[in-house]
1. Mean projection of the alpha-carbon convex hull of the chain over all orientations, in nm²?
2. Place a point 7 Å from the Cα of residue 10 along the Cα-to-Cβ direction; which residues of the range 53-87 have their backbone N under 16 Å from it?
């Protein structure tokens, strides 16, 4: 995993919760961690990583992820066992 992907994971887990993280950066970091990202209907995105599956909605019309989605992404990443400090 590259430096940019690590920084994205650190941004997801930073406090206070940020609302300016680009969704494309989150997807790229998850793919770098080994996630399988597939398209669902509409703006849905299915993500599978380390046996854990989740469905998220891509933000639109903005490119940035809102705070609620960042909190949900934290929960998902924690469940997968990915350590944002080490990956």
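1. So the Cα hull casts an average projection of 5.1 nm².
2. Once the point is set 7 Å along Cα→Cβ of residue 10, 83-87 turn out to lie under 16 Å by backbone N, inside the range 53-87.
Every read-out reported here was derived from the displayed coordinates using simple, explicitly stated rules and does not represent laboratory data. Just so it is clear, the structure is predicted and the values come from calculations on it, not from any experiment. A quick note on method: Cβ atoms are made from the backbone with ideal geometry, for glycine too, and the neighbour counts reach across all protein chains shown.
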